[in-house]
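**Q** Structure in structure tokens, see below.
The numbers here are math on the coordinates, done by the rules we state, and not lab data. Everything numeric here is computed off the predicted structure, so don't read it as measured data. Counting neighbours? That spans all protein chains shown, and the Cβs are built from the backbone with ideal geometry, glycine included.
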Amino acid sequence: EQYPNAHAHVLGALIGTGDKDLVDHVTHKVSPSKIMIAGIHNPLIYESDYLAHHRIATVGPDDVKNGANEVMEWIAREHIEYL
């Protein structure tokens, strides 16, 4: 399937749900719980569905502009050591 945002292919491959040709090159898959998309605005319906289905955390651009408290809380909650 074609997506207007090329990063969708990379994200899908990293969690193992993308194009088989890309997924085959991923040796260490990333858990969706360790992914946050910060600054997302107006995702398309299929993007929102995908993010919800895989429980990928998101915060809007206003949160990022206003200190990114949700981002920092998520980093602490998920014990993220490296970004």
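**Q** Tally time: how many residues in segment 42-79 are surrounded by fewer than 13 Cβ atoms within 10 Å (Cβ to Cβ) and not in a helix (DSSP H, G or I)? Give the derivation first.
**A** Looking only at segment 42-79, we keep the residues that are surrounded by fewer than 13 Cβ atoms within 10 Å (Cβ to Cβ), and these are 42, 44-46, 49, 52-53, 55, 61-62, 65-67, 69, 72-73, 76-77, 79.
Cutting the leftovers down to not in a helix (DSSP H, G or I) gives us 42, 44, 55, 66-67, 79.
Count: 6.
**Q** What do you reckon, is Leu11 out of contact with any Leu (no Cβ under 7 Å at 6 or more places or on another chain), aliphatic (A, V, I, L, M) and outside any loop (DSSP other than H, G, I, E, B)? Quick ask: steps written out before the conclusion?
**A** On the way: out of contact with any Leu (no Cβ under 7 Å at 6 or more places or on another chain): yes; aliphatic (A, V, I, L, M): yes; outside any loop (DSSP other than H, G, I, E, B): yes.
Judged against the criteria, Leu11 is a match.
**Q** Restricting attention to segment 14-41, report how many residues are assigned to a helix (DSSP H, G or I), within 18 Å of Ile80 (Cα to Cα) and of a type outside the set (Val, Ile, Thr). Spell out the reasoning first.
**A** Narrowing segment 14-41 to residues assigned to a helix (DSSP H, G or I): 14-15, 20-23, 32-34.
Then keep just the ones that are within 18 Å of Ile80 (Cα to Cα); that gives 14-15, 32-34.
Of the ones still in play, those that are also of a type outside the set (Val, Ile, Thr) are 14, 32-34.
Qualifying residue count for the region: 4.
**Q** Among all residue pairs at least 6 apart or on different chains, which show Cβ distances below 7 Å where the first residue, located in segment 42-64, is over 17 Å from Ile75 (Cβ atoms) and the second is small (Gly, Ala, Ser)?
**A** Here the result reads Pro61/Gly39, each pair linking segment 42-64 to a residue that is small (Gly, Ala, Ser).
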